[in-house]
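Step one of this worksheet: look at the structure below.
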């Protein structure tokens, strides 16, 4: 009987994951609910692990659907059931649930709560040696810095980004290298409003030097963000010609790439290039760049890309407006 239950639960979890990969997220969430309903009271370790997996994957699916409140509830249910478990197999789903709950709270505009959840991850798993837990700790530290940035606490945020680099800067594992790159890009973003755009440029140059040759999409995306951010920082320093040169590197490296992770930095680089061209008194060229943003990303569903399109349209209208007679 126990063997059959494990088979059924495993089959259901696999079905839910397949549905999720195929974009059938509502159906996937219902399958994960079935796992919890059928096996949620089991005391068998293998089934408890599958129930935890189902709750985590349900939360992930709901997050992808933009239903962050329900996603956070799914992660909370996992934590309520298994958060105090001494079973080693539960450490990974508990850490992952905490990290993803924090991310959901951030999306819901609750950065203080999100930051506290990040602190819990570090407190509970900060000394772990397992790679999967080290990755969750690194992610939590990056996310804590980002939440502090949202709260306008830039000095504190930069400190957390520095901690990521200090802890994990020599790591060779992809997941940790990605978080180090994110921490550096995010530190640069914190330095600019603190009045240190020159230092921001130096940090962004580190990202390009360290990760520029990488072929992994996650790292290529961070290089793209670094170049887009460097262009914006150079414009802020009154060096728009250099900014355009740097932003053109994004198009050369990634411009025709269809990887989803690169769409954001490519769009941001184009918007920043348009702004630099306006500063240089070349509104017609700027308008062409903004038209490219709209042509390439105008139908995008992602909120961040839609914001870039809106910015392109807004700045183009302002740059090309005829002065009143």
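Here, each number is a calculation from the coordinates, and none is a lab measurement. Keep in mind the model is a prediction, meaning the values are calculated, not measured. Quick reminder, even Gly has a Cβ in these numbers, built from the backbone with ideal geometry, and neighbours come from all protein chains shown.
Tabulated values for the structure
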| quantity | calculated |
| --- | --- |
| Descending Cα extents along the principal axes, segment 162-217, whole Å | 34, 23, 15 |
| Separation in nanometres of the label points that stand 7 Å from Cα toward Cβ, at residue 237 and residue 65 | 4.7 nm |
| Counting all C-alpha pairs of segment 18-103, share separated by more than 21 Å (%) | 23 percent |
| Folded to 0 to 90 degrees: helix 91-107 orientation relative to the chain principal axis, Cα | 40 degrees |
| Listed residues 161, 75, 39, most fluctuating in the chain (Gaussian network, C-alpha, under 10 Å) | 39 |
| Whole-angstrom gap from segment 105-134 to segment 14-77, using each part's C-alpha centre | 21 Å |
| Highest-MSF residue in the chain out of 134, 263, 15 [GNM, Cα springs under 10 Å] | 15 |
| Full-stretch length increase - residue 251, residue 202 - with 0.36 nm per residue and alpha-carbon distance subtracted | 15.5 nm |
| Computed [θ] at 222 nm, deg cm²/dmol, the chain (DSSP H ≥ 4; -39,500 (n - 2.57); rounded to nearest 500) | -26500 deg cm²/dmol |
| Principal-axis tilt of helix 240-254 within the chain, Cα atoms, nearest 10 degrees | 40 degrees |
| Label point at residue 215 placed 7 Å out along Cα→Cβ; residues across segment 167-199 whose backbone nitrogen lies under 20 Å | 172-178 |
| Separation between Cα centres of segment 169-184 and segment 185-243, rounded to whole Å | 16 Å |
| Whole-number D in µm²/s for segment 60-110 (Stokes-Einstein; Kirkwood sum over Cα pairs; 37 °C, 0.692 mPa s) | 299 µm²/s |
| Equivalent-ellipsoid semi-axes of segment 128-173, from the Cα gyration tensor, Å, largest first | 22, 11, 6 |
| Where labels lie 7 Å past Cα in the beta-carbon direction, separation of residue 107 and residue 314 in nm | 2.3 nm |
| With Cα atoms, 0 to 90° folded angle of helix 2-21 axis to the chain main axis | 20 degrees |
| Modelled FRET efficiency - R0 41 Å, residue 150 with residue 4, Cβ distances, 0.05 increments | 0.25 |
| Cα-based radius of gyration of segment 213-319 once divided by 2.2 N^0.38 Å, which approximates compact folds | 0.99 |
| Full-extension gain in nm, residue 284 to residue 22, via 0.36 nm per residue minus C-alpha separation | 90.1 nm |
